[in-house]
Amino acid sequence: MRLIGPNNEQLGVVPTQRALAHAQDLGYDLVEIAPNSTPPVARILDFGKYRYAEQQKAKEAKKRQRSVTWKEIRITPKIDEHDIETKIKSASKFLDEGDKLKVTVRFRGRELAHPDRGRVLLLQVADRLKDHGIVERMPLLEGRSMIMVMNPVRRDAQGAPTPQAPASTPSPAPIAGAPAPKAVAASPAAPAPRPAAAAPAPAPRPAAAAPAPAPKPPAAPPPAQTASAAPPSTPRPASTPPAAPSAAPRKRTN
(Lines give C-alpha, C1' and ligand atoms only; values in the text may rest on other atoms or scores of the structure.)
Protein backbone atom coordinates (compact mmCIF):
# COMPACT_ATOMS: atom_id res chain seq x y z
CA MET A 1 0.00 0.00 0.00
CA ARG A 2 0.96 3.65 -0.46
CA LEU A 3 1.78 5.07 2.96
CA ILE A 4 1.32 8.69 4.09
CA GLY A 5 3.02 9.88 7.28
CA PRO A 6 1.42 11.80 10.16
CA ASN A 7 2.64 15.11 8.67
CA ASN A 8 1.30 14.32 5.18
CA GLU A 9 4.70 13.22 3.93
CA GLN A 10 4.89 10.55 1.25
CA LEU A 11 6.59 7.35 2.52
CA GLY A 12 6.25 5.40 -0.71
CA VAL A 13 4.74 1.98 -1.39
CA VAL A 14 5.47 -0.44 1.50
CA PRO A 15 4.05 -3.83 2.58
CA THR A 16 1.03 -3.79 4.89
CA GLN A 17 2.85 -5.43 7.83
CA ARG A 18 5.68 -2.96 7.62
CA ALA A 19 3.27 0.01 7.48
CA LEU A 20 1.36 -1.30 10.51
CA ALA A 21 4.57 -1.81 12.48
CA HIS A 22 5.75 1.71 11.60
CA ALA A 23 2.45 3.22 12.79
CA GLN A 24 2.66 1.33 16.10
CA ASP A 25 6.24 2.50 16.62
CA LEU A 26 5.07 6.14 16.23
CA GLY A 27 2.11 5.61 18.59
CA TYR A 28 -0.57 6.26 15.91
CA ASP A 29 -3.17 4.23 14.03
CA LEU A 30 -3.02 3.05 10.44
CA VAL A 31 -6.17 4.19 8.60
CA GLU A 32 -6.99 3.18 5.04
CA ILE A 33 -8.39 6.30 3.32
CA ALA A 34 -8.56 5.15 -0.32
CA PRO A 35 -9.27 1.40 -0.51
CA ASN A 36 -10.35 1.41 -4.18
CA SER A 37 -7.16 2.93 -5.59
CA THR A 38 -4.24 0.87 -6.92
CA PRO A 39 -2.34 0.45 -4.69
CA PRO A 40 -4.58 1.31 -1.69
CA VAL A 41 -3.68 4.47 0.24
CA ALA A 42 -3.23 4.38 4.03
CA ARG A 43 -2.36 7.17 6.42
CA ILE A 44 -0.75 7.17 9.87
CA LEU A 45 -2.87 9.31 12.25
CA ASP A 46 -4.82 9.43 15.50
CA PHE A 47 -8.12 7.71 14.68
CA GLY A 48 -9.99 9.32 17.62
CA LYS A 49 -9.15 12.85 16.46
CA TYR A 50 -9.93 11.92 12.89
CA ARG A 51 -13.39 10.61 13.79
CA TYR A 52 -14.14 13.72 15.89
CA ALA A 53 -13.18 16.02 13.00
CA GLU A 54 -15.46 14.08 10.63
CA GLN A 55 -18.38 14.37 13.04
CA GLN A 56 -17.92 18.13 13.32
CA LYS A 57 -17.92 18.46 9.55
CA ALA A 58 -21.15 16.47 9.27
CA LYS A 59 -22.76 18.62 11.97
CA GLU A 60 -21.84 21.86 10.21
CA ALA A 61 -23.17 20.54 6.92
CA LYS A 62 -26.44 19.61 8.62
CA LYS A 63 -26.82 23.12 10.00
CA ARG A 64 -26.50 24.60 6.55
CA GLN A 65 -29.14 22.28 5.16
CA ARG A 66 -32.76 23.29 5.41
CA SER A 67 -35.57 20.86 5.15
CA VAL A 68 -38.19 21.69 2.54
CA THR A 69 -41.63 22.18 4.06
CA TRP A 70 -44.72 21.86 1.90
CA LYS A 71 -47.73 24.09 2.46
CA GLU A 72 -51.04 23.75 0.68
CA ILE A 73 -54.06 25.95 0.14
CA ARG A 74 -57.30 24.64 -1.34
CA ILE A 75 -59.82 26.66 -3.29
CA THR A 76 -62.95 25.95 -5.32
CA PRO A 77 -63.95 27.30 -8.75
CA LYS A 78 -66.82 29.28 -7.17
CA ILE A 79 -64.76 30.89 -4.39
CA ASP A 80 -65.75 34.40 -3.32
CA GLU A 81 -63.40 37.38 -3.80
CA HIS A 82 -63.08 37.95 -0.05
CA ASP A 83 -62.20 34.30 0.56
CA ILE A 84 -59.56 34.27 -2.14
CA GLU A 85 -57.95 37.37 -0.63
CA THR A 86 -57.64 35.50 2.67
CA LYS A 87 -56.09 32.51 0.90
CA ILE A 88 -53.57 34.75 -0.90
CA LYS A 89 -52.48 36.36 2.38
CA SER A 90 -51.79 32.93 3.87
CA ALA A 91 -49.97 31.81 0.73
CA SER A 92 -47.73 34.90 0.70
CA LYS A 93 -46.83 34.25 4.35
CA PHE A 94 -45.83 30.65 3.55
CA LEU A 95 -43.67 31.73 0.61
CA ASP A 96 -41.95 34.48 2.62
CA GLU A 97 -40.99 31.86 5.23
CA GLY A 98 -39.26 29.81 2.52
CA ASP A 99 -41.81 26.99 2.18
CA LYS A 100 -42.98 25.45 -1.08
CA LEU A 101 -46.62 26.04 -1.85
CA LYS A 102 -49.13 23.78 -3.51
CA VAL A 103 -52.34 25.43 -4.70
CA THR A 104 -55.18 22.99 -5.33
CA VAL A 105 -58.54 23.55 -6.99
CA ARG A 106 -61.05 20.82 -6.19
CA PHE A 107 -63.93 20.18 -8.56
CA ARG A 108 -67.23 18.90 -7.26
CA GLY A 109 -69.92 17.16 -9.30
CA ARG A 110 -70.49 18.78 -12.64
CA GLU A 111 -67.77 21.41 -12.06
CA LEU A 112 -65.31 18.95 -13.60
CA ALA A 113 -66.92 19.65 -16.99
CA HIS A 114 -65.31 23.12 -16.98
CA PRO A 115 -61.64 22.67 -15.95
CA ASP A 116 -60.66 25.89 -17.74
CA ARG A 117 -62.26 27.89 -14.90
CA GLY A 118 -59.90 26.28 -12.40
CA ARG A 119 -56.90 26.93 -14.66
CA VAL A 120 -57.81 30.61 -15.01
CA LEU A 121 -58.26 30.89 -11.24
CA LEU A 122 -54.84 29.34 -10.54
CA LEU A 123 -53.12 31.66 -13.02
CA GLN A 124 -54.74 34.64 -11.30
CA VAL A 125 -53.42 33.44 -7.95
CA ALA A 126 -49.92 33.04 -9.42
CA ASP A 127 -50.07 36.59 -10.81
CA ARG A 128 -51.00 38.00 -7.38
CA LEU A 129 -48.16 36.06 -5.73
CA LYS A 130 -45.48 36.95 -8.30
CA ASP A 131 -43.66 39.15 -5.74
CA HIS A 132 -43.43 36.26 -3.25
CA GLY A 133 -42.85 33.17 -5.39
CA ILE A 134 -42.43 31.75 -8.88
CA VAL A 135 -44.38 28.98 -10.56
CA GLU A 136 -42.46 25.70 -10.61
CA ARG A 137 -45.19 23.62 -12.21
CA MET A 138 -48.05 25.00 -14.23
CA PRO A 139 -51.64 23.95 -13.41
CA LEU A 140 -52.16 20.26 -14.13
CA LEU A 141 -55.38 18.28 -13.78
CA GLU A 142 -55.00 15.16 -11.62
CA GLY A 143 -58.27 13.32 -11.09
CA ARG A 144 -60.81 15.76 -9.69
CA SER A 145 -58.14 18.27 -8.61
CA MET A 146 -55.98 20.75 -10.48
CA ILE A 147 -52.59 21.42 -8.82
CA MET A 148 -50.05 24.21 -9.24
CA VAL A 149 -46.67 24.30 -7.41
CA MET A 150 -44.82 27.50 -6.49
CA ASN A 151 -41.33 28.07 -5.11
CA PRO A 152 -40.35 30.96 -2.82
CA VAL A 153 -38.28 33.81 -4.21
CA ARG A 154 -34.70 33.75 -2.92
CA ARG A 155 -34.26 37.01 -1.07
CA ASP A 156 -30.47 36.68 -0.85
CA ALA A 157 -30.23 36.50 -4.65
CA GLN A 158 -32.11 39.75 -5.04
CA GLY A 159 -29.69 42.65 -4.80
CA ALA A 160 -30.51 46.25 -4.42
CA PRO A 161 -31.86 47.72 -7.62
CA THR A 162 -29.07 49.35 -9.56
CA PRO A 163 -29.74 52.77 -11.03
CA GLN A 164 -30.15 52.74 -14.75
CA ALA A 165 -27.42 54.35 -16.66
CA PRO A 166 -28.45 56.97 -19.19
CA ALA A 167 -28.73 55.61 -22.66
CA SER A 168 -25.61 56.27 -24.66
CA THR A 169 -25.16 56.17 -28.36
CA PRO A 170 -23.47 52.97 -29.45
CA SER A 171 -19.90 53.40 -30.52
CA PRO A 172 -19.04 52.20 -34.03
CA ALA A 173 -17.48 48.77 -34.28
CA PRO A 174 -13.71 48.83 -34.77
CA ILE A 175 -12.53 48.07 -38.28
CA ALA A 176 -10.41 44.96 -38.64
CA GLY A 177 -6.73 45.83 -38.91
CA ALA A 178 -7.22 49.43 -37.82
CA PRO A 179 -4.96 50.68 -35.00
CA ALA A 180 -6.57 50.98 -31.63
CA PRO A 181 -7.48 54.55 -30.71
CA LYS A 182 -5.20 56.15 -28.15
CA ALA A 183 -6.61 57.60 -24.99
CA VAL A 184 -6.38 61.36 -24.90
CA ALA A 185 -6.07 63.07 -21.56
CA ALA A 186 -8.88 65.47 -20.87
CA SER A 187 -7.64 69.04 -21.09
CA PRO A 188 -9.19 71.88 -19.09
CA ALA A 189 -11.69 73.99 -20.90
CA ALA A 190 -9.96 76.69 -22.94
CA PRO A 191 -10.87 80.25 -21.90
CA ALA A 192 -13.01 82.25 -24.25
CA PRO A 193 -10.91 84.28 -26.71
CA ARG A 194 -10.69 87.97 -25.86
CA PRO A 195 -11.61 90.50 -28.53
CA ALA A 196 -8.53 91.77 -30.37
CA ALA A 197 -7.50 95.30 -29.41
CA ALA A 198 -7.66 97.88 -32.17
CA ALA A 199 -4.25 98.40 -33.74
CA PRO A 200 -2.89 101.95 -33.15
CA ALA A 201 -3.01 104.16 -36.19
CA PRO A 202 0.47 104.70 -37.71
CA ALA A 203 2.00 108.12 -37.10
CA PRO A 204 1.86 110.38 -40.17
CA ARG A 205 5.14 110.43 -42.00
CA PRO A 206 6.61 113.92 -42.82
CA ALA A 207 6.15 114.88 -46.43
CA ALA A 208 9.33 114.95 -48.41
CA ALA A 209 10.49 118.47 -49.36
CA ALA A 210 9.57 119.25 -52.95
CA PRO A 211 12.58 120.13 -55.13
CA ALA A 212 12.96 123.85 -55.93
CA PRO A 213 11.74 124.77 -59.46
CA ALA A 214 14.43 125.56 -61.98
CA PRO A 215 14.80 129.31 -62.86
CA LYS A 216 12.94 130.31 -66.01
CA PRO A 217 14.93 131.97 -68.82
CA PRO A 218 14.27 135.72 -69.33
CA ALA A 219 11.54 136.51 -71.78
CA ALA A 220 12.67 137.88 -75.16
CA PRO A 221 11.94 141.63 -75.71
CA PRO A 222 9.09 142.42 -78.15
CA PRO A 223 10.26 143.22 -81.69
CA ALA A 224 10.70 146.91 -82.42
CA GLN A 225 8.25 148.55 -84.84
CA THR A 226 9.69 149.50 -88.16
CA ALA A 227 9.15 152.75 -89.93
CA SER A 228 7.28 151.02 -92.62
CA ALA A 229 4.50 150.46 -90.32
CA ALA A 230 1.27 151.95 -91.64
CA PRO A 231 0.16 155.11 -89.93
CA PRO A 232 -2.92 154.91 -88.03
CA SER A 233 -5.99 155.46 -90.13
CA THR A 234 -7.77 158.82 -89.81
CA PRO A 235 -11.35 158.70 -88.84
CA ARG A 236 -13.87 159.20 -91.60
CA PRO A 237 -16.31 162.14 -91.15
CA ALA A 238 -19.78 161.11 -90.49
CA SER A 239 -22.10 161.57 -93.42
CA THR A 240 -24.45 164.49 -93.02
CA PRO A 241 -28.03 163.96 -93.97
CA PRO A 242 -29.20 165.96 -97.04
CA ALA A 243 -30.90 169.18 -96.24
CA ALA A 244 -34.61 169.21 -96.66
CA PRO A 245 -35.82 171.45 -99.58
CA SER A 246 -37.15 174.72 -98.38
CA ALA A 247 -40.74 175.41 -99.17
CA ALA A 248 -40.77 178.39 -101.62
CA PRO A 249 -43.92 180.33 -102.05
CA ARG A 250 -45.86 179.36 -105.10
CA LYS A 251 -46.69 181.97 -107.63
CA ARG A 252 -50.33 182.50 -108.15
CA THR A 253 -51.46 183.07 -111.59
CA ASN A 254 -54.61 184.57 -112.50
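The values are calculated or read from the model by the stated rules, or taken from the named source; none is laboratory data. Every value quoted in this text rests on a predicted model; they were computed, and no experiment measured them. A quick note on method: Cβ atoms are made from the backbone with ideal geometry, for glycine too, and the neighbour counts reach across all protein chains shown. Each accessible area value is taken on the protein alone, full model and side chains, heavy atoms only, with ligands, DNA and RNA left out. Shrake-Rupley method; radii C 1.70, N 1.55, O 1.52, S 1.80 Å.
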(request) Would you tell me the accessible area of V135, worked out with a 1.4 angstrom probe on the heavy atoms of the protein chains, in Å² to the nearest 10? (result) 50 Å²
(request) Add +1 for every Lys or Arg and -1 for every Asp or Glu among the other residues with Cβ under 9 Å from the Cβ of R106, and state the total. (result) +2
(request) Hand me the trypsin sites (Lys or Arg not before Pro) from segment 28-81 located in a DSSP loop with no more than 14 other Cβ atoms within 10 Å, in residue order please. (result) R66, K78
(message) My understanding is that a pair violates if its Cα-Cα distance is over 18 Å; which of K87/K130; K63/K93; K62/K93; K63/K89; K63/K100 do that in this structure?
(response) K63/K93; K62/K93; K63/K89; K63/K100
(message) If you take every DSSP beta bridge fully contained in segment 1-139, what fraction is antiparallel? Give it as a percent rounded to 5.
(response) 45 percent
